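The values are calculated or read from the model by the stated rules, or taken from the named source; none is laboratory data. Since this is a predicted model, take the numbers as computed values, not measurements. Reconstructed Cβ throughout: ideal geometry from the backbone, glycine too, with neighbour counts over all protein chains shown.
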There are 4 protein chains.
Amino acid sequence: MPIRRPPHPEPPFRIVRVSHVELGVRDLAAARAFYVDCLGLLVSNETADTLHLRGLEERNHHSIVLRKAREPHAAAIGFKVASEEDLDRAAFWFGRNNLPTSFPEIPHQGRTLRTADVHGLPVDFYFRMEQVERMLQRYAAHRGGRIQRIDHVNCFTPDVQASHDFYSEIGFRTTEYTETEDAGPKLWAVWMHRKGNVHDLAFTNGRGPRLHHVGMWTQSPLDILNLCDLMATSGYLPNMERGPGRHGISNAFFLYVRDPDGHRIELFASDYLTVDPDLEPIRWSLKDPQRQTLWGHPAPKSWFEEGSTFAGVPVREPALGAQPIVAR
Amino acid sequence: MPIRRPPHPEPPFRIVRVSHVELGVRDLAAARAFYVDCLGLLVSNETADTLHLRGLEERNHHSIVLRKAREPHAAAIGFKVASEEDLDRAAFWFGRNNLPTSFPEIPHQGRTLRTADVHGLPVDFYFRMEQVERMLQRYAAHRGGRIQRIDHVNCFTPDVQASHDFYSEIGFRTTEYTETEDAGPKLWAVWMHRKGNVHDLAFTNGRGPRLHHVGMWTQSPLDILNLCDLMATSGYLPNMERGPGRHGISNAFFLYVRDPDGHRIELFASDYLTVDPDLEPIRWSLKDPQRQTLWGHPAPKSWFEEGSTFAGVPVREPALGAQPIVAR
Amino acid sequence: MPIRRPPHPEPPFRIVRVSHVELGVRDLAAARAFYVDCLGLLVSNETADTLHLRGLEERNHHSIVLRKAREPHAAAIGFKVASEEDLDRAAFWFGRNNLPTSFPEIPHQGRTLRTADVHGLPVDFYFRMEQVERMLQRYAAHRGGRIQRIDHVNCFTPDVQASHDFYSEIGFRTTEYTETEDAGPKLWAVWMHRKGNVHDLAFTNGRGPRLHHVGMWTQSPLDILNLCDLMATSGYLPNMERGPGRHGISNAFFLYVRDPDGHRIELFASDYLTVDPDLEPIRWSLKDPQRQTLWGHPAPKSWFEEGSTFAGVPVREPALGAQPIVAR
Amino acid sequence: MPIRRPPHPEPPFRIVRVSHVELGVRDLAAARAFYVDCLGLLVSNETADTLHLRGLEERNHHSIVLRKAREPHAAAIGFKVASEEDLDRAAFWFGRNNLPTSFPEIPHQGRTLRTADVHGLPVDFYFRMEQVERMLQRYAAHRGGRIQRIDHVNCFTPDVQASHDFYSEIGFRTTEYTETEDAGPKLWAVWMHRKGNVHDLAFTNGRGPRLHHVGMWTQSPLDILNLCDLMATSGYLPNMERGPGRHGISNAFFLYVRDPDGHRIELFASDYLTVDPDLEPIRWSLKDPQRQTLWGHPAPKSWFEEGSTFAGVPVREPALGAQPIVAR
């Protein structure tokens, strides 16, 4: 009984990559201090109740949208599709699968399809977004973690197998996965991509759907070390949750931080290329401590348990009860 | 009169990425010392007259093939396609365009189409290659420049516009380009990709077709500096041709070295993501010195003039006579 | 009641720096694999029961001496003095203070004074050592952590105040120190130097005298990260005890590893210059978690409790009972 | 006929290290933009016509003093001595050697001796300087090249042998030197230290006395690469004179930049420890291109010829006419 599916060879519509996430935050000024002054994201637009942010290489208007809210929450995960036609094909496909579809007006974006996945996780698709100046070679504007772009989004799901099947069906390819060690092993976590590196989207077993973290790409481990020094000495020490370290999975260098509302951001550097269609996914055992951190440091309990709920989306207990290794 | 074309939206066959290059070398032991002991490539297979090499993350059997030869030359540039059907479609397309097609037996590869582009540049297409162990997380095997994978191939062409048009037709997208500063500007150089970063293939105006260099991906500028120290103190000082430095084009950190037969290898780190279909290419003027090197160092004359001829392929003078800025 | 003393302005003899440490190890082949193949130290001399090792920039014959022994132990800490006359003055001073003095024959060293400090900690002084080739610019010989030189030695002492007073008397200067938070604060730890950076010698409250660790200098944090990757994937994961991280004290980047006999080695990069005679030492509170690690990670219990006994030297319980913050 | 002298074993007074340099600049605002906004030095004090600057780890009030002047010039090189008594001994020694002595009032410094060396090069000695906050662990204040401290001063001298003899007499030790390749080799350049690394002071054959450059210490080559990117894209491309690269001499990683008045600053990282009294100096041949740059890049002509004159100090032609290798 194979638990992994290959990606659909001719997916019903073409997704290019994960593109942006919208987060609800209680104090926009505090969030701005964290994301802009500390992490170093660039401001594309700022209003009384929203902040549109991007990384240094991004010409897309935004990869993180912060919106003033009464309670912290995640709003939606945004994906770019390959054309306006793909957007229509996406609407058709979601409709046919009895999932909600609408086309709300989204500032700074073209036509946008709002829908949800099999667990109710809200997802947006669009083709056009307002283009802004690329700052990659305006080095005087680089600050903090010198974040270049959004890389991926990681979510808790109550049923990893179902999430995996759903996203395989719309063209995502699995690059690495974790199995339980049962006689009939179960999928504990999957890393899936469209854009050609380890992932655009990952799912981990847990109460969900909830947002685990947004992964932001930095150029090098040194930029991540510099950010550690900066955070640790400018009042953000309690916001450093895990790392820095080297992931076994993806081989990337990482740091996990929490924003003032508890949303989790990963700084992520140097994984590998995955465009070959015949690339075999890498299997990890749930009990292998080097899966989490090649250097053996277990992650803290908060990292396994806490996440951001999606506004208005009920959370379910996970199907699997197995436990990874947790720092005491 | 637009000189750049968008990539073909529905290309006649799907190329995944540039995959490997075969080079003829006079002294296989000297080449081995250079590529393996100094640069740090891994040996996948070794016979009396061939060496198959790969980078640390590559599961494909080879990205550089060295073959003993009477005179140095480049043999062919290899591209991976998305399926066996794409291979058949490629054969059909090249045949219909009156370009030579054959299916020679290639060790360690599946069915392989051998053909040539509009200037006679030899290109191979294949879908299946023997898979080998990924060494990315076997750090004890990392040496020299800690090269992770092949990134791109750069060639001289006598007619950049024609090369650009040819590869656009089969699905390559232009990310950056250099124009002359004439009233009617001409294409001087183009960077084109399939895999989602700045390039798989680049063309520069000059006597051609000739191979300018093979670009190999490293994780960070520090690995490149370490390689400089290593080469400079282990007998390879004369092989260091240009750099280290930061390219204006691609923003990558680079070093150009010459192998014992004069073939040019680029160590290349940290460019940017280019998967968005609506990404506008970046224009550079031929007279902008920061185009070549952001830090202003002009390239040496050899870098503009020397390259590897393709075995049996006649070389033509370039159409354009304009000159870039050269170090005196 | 001042607890810190300035260094003696005209010390009785001139110590240049800490120079080497001798360690007893049970399995010389296992120790060689660890220190040479993994950490990257160079072999200056090798016999059936000893290994003399040095770092890349060291022209002195040895900075770590490994000697086959039935049980693991530390033998002595070696200091270089400024001249043969200083050696005689040292012998006179230790004799006058009723401490043992002898001049054993030590291979690869000139005349060597063997004595002990106020707690019986064995110390050697010498002026001349056999000189060997500097390998700093022989980059092809650089391996593992690319260790450049010995930097410091850190010991447990049952009475930090007494150790501090003793070494101040012979010319060591305190650069940083930790105090308890009592009404009458007590010295918990001191960092003292002769050579002009944060320390040659440090003392921490604990069962002692015992060797806590030998600190080895590396060029950059990147070399330490590379060593982490190497150790974690070549069988030395259990030997990684703490870090990598940034010390609050000294601001250095660090990694603590344990050799196969449990001796602790610190990889240490980038502290600061301390040659100014009017440099005020930096005070840290025992309760400040950033003292240990700027990024807030507490050290494991083993790091506070375990150390190498000195052969034949009785260990006493410490005077102070206060406790630092320990990782659960 | 030995041309090098050992340092005086009991020098007439104790110099601790080179401490600061005063430079005359025509446009203080332009100089501030360069030194503070671009290089990242910290401002200790600012008046209408002076700027006192320091590096991140420096507790001394200033290491670079900029003073508004009609024409660019260097004013004096400042050295810290070990005590007030050493200052008196210095005044006595310079007076006895018929060199000028005075004790002008210098803001932010204690008693200061102003004198000159054998070629009229103006030098200041002092023991006390106002102490300011150490910013090494205030990472949010780190900018540009993240310069930690002054490292050394390099001057042209018309007679390297005479300069070498003079500074040896007052306790400087030679660590590396360049000789001509004559039958009777002559000293072409010397690197001399007091503080324990490669140099506090260097002299090169040329029209002098003139200031060649002030060397500023940075933590790592990466900080220097980051500064290159920053300068190249914020209007300072013409100010980048040489590098980045690895020196053969000292093995340090370097970048030479020119301030808006043409004064030359070197960013300098990672040399080696030189405190051992029996450390043999390293000899380099004037004809060895790796002496200048391990990677073989020759320095530009300006680097060999241009320097800052000392206010009111006549310049003489050098004794030697030999020529190093210059970039065409």
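C:Cys155 fulfils the conditions (1) farther than 20 Å from C:His247 by Cβ; (2) at pLDDT 95 or above except for a single criterion, (1). Would you confirm whether any residue within the range A:312-321 is at pLDDT below 95, closer than 22 Å to A:Val160 by Cβ, outside any strand (DSSP E or B) and hydrophobic (A, V, I, L, M, F, W, C)? Yes, the range A:312-321 contains a residue that is at pLDDT below 95, closer than 22 Å to A:Val160 by Cβ, outside any strand (DSSP E or B) and hydrophobic (A, V, I, L, M, F, W, C).
Within the range D:47-56, can one find any residue that is part of a helix (DSSP H, G or I) and either more than 13 Å from chain C (Cβ to nearest Cβ) or basic (Lys, Arg) (or both)? No: zero hits. Looking only at the range C:201-221, count how many residues are more than 11 Å from the chain's Cα centre (by Cα) and either outside any strand (DSSP E or B) or among the aliphatic types (A, V, I, L, M) (or both). Count: 6.
Selection of the range A:110-158 for residues being under 21 Å from A:Thr174 (Cα atoms) and of a type in the set (A, V, I, L, M) yields A:Ala116, A:Val118, A:Leu121, A:Val123, A:Ile150, A:Val153. Within the option set B:Glu181, B:Glu176, being of a type in the set (Asp, Glu) and at pLDDT below 95 holds for one residue only, B:Glu181. Within the range C:25-39, residues that are within 19 Å of B:Ala141 (Cα to Cα) have Cβ atoms under 9 Å from residues that are of a type in the set (A, V, I, L, M) and part of a helix (DSSP H, G or I) in these pairs: C:Asp37/B:Ala140; C:Cys38/B:Ala140; C:Cys38/C:Leu227; C:Cys38/C:Leu230; C:Cys38/C:Met231; C:Leu39/C:Leu227; C:Leu39/C:Met231, counting only partners at least 6 apart in sequence or on another chain. Which residue is surrounded by the most Cβ atoms within 10 Å (Cβ to Cβ), if the candidates are limited to the range B:142-163 and must be in contact with a Leu (Cβ under 7 Å, 6 or more places away or on another chain) and part of a helix (DSSP H, G or I)? By that ranking, first place goes to B:Val160. Residues in the range C:119-132 that are touching a Leu at 6+ places or on another chain (Cβ under 8 Å) and not aromatic (Phe, Trp, Tyr): C:Asp124 alone. Quick one: would you say D:Val190 is within 14 Å of chain C (Cβ to nearest Cβ), among the aliphatic types (A, V, I, L, M), touching a residue at least 24 places away in the same chain (Cβ under 8 Å) and surrounded by 24 or more Cβ atoms within 10 Å (Cβ to Cβ)? No, not satisfied. Before we move on, is A:Arg291 crowded, with 16+ Cβ neighbours inside 10 Å, more than 14 Å from chain B (Cβ to nearest Cβ) and not in a loop (DSSP other than H, G, I, E, B)? The answer is no for A:Arg291.
Just a yes or no: is a residue in the range A:170-178 farther than 30 Å from A:Ala319 by Cβ, in contact (Cβ under 8 Å) with a residue 60 or more places away in the chain, of a type in the set (D, E, K, R) and within 14 Å of chain B (Cβ to nearest Cβ)? So far as the range A:170-178 goes, no, none of its residues is farther than 30 Å from A:Ala319 by Cβ, in contact (Cβ under 8 Å) with a residue 60 or more places away in the chain, of a type in the set (D, E, K, R) and within 14 Å of chain B (Cβ to nearest Cβ). Among the numbered conditions (1) outside any loop (DSSP other than H, G, I, E, B); (2) buried (at least 24 other Cβ atoms within 10 Å of the Cβ), the only one that C:Thr175 does not meet is (2). The set of residues in the range B:263-322 being basic (Lys, Arg) and under 19 Å from the mean Cα position of the chain (by Cα) consists of B:Arg264, B:Arg291.
Considering only residues in the range A:143-167 that are among the charged types (D, E, K, R) and out of contact with any Lys or Arg (no Cβ under 7 Å at 6 or more places or on another chain), the one that is farthest from A:Gly307 (Cα to Cα) turns out to be A:Arg143.
For C:Ser19, the test of being over 27 Å from C:Leu187 (Cα atoms), touching a residue at least 24 places away in the same chain (Cβ under 8 Å) and among the polar types (S, T, N, Q) is failed.
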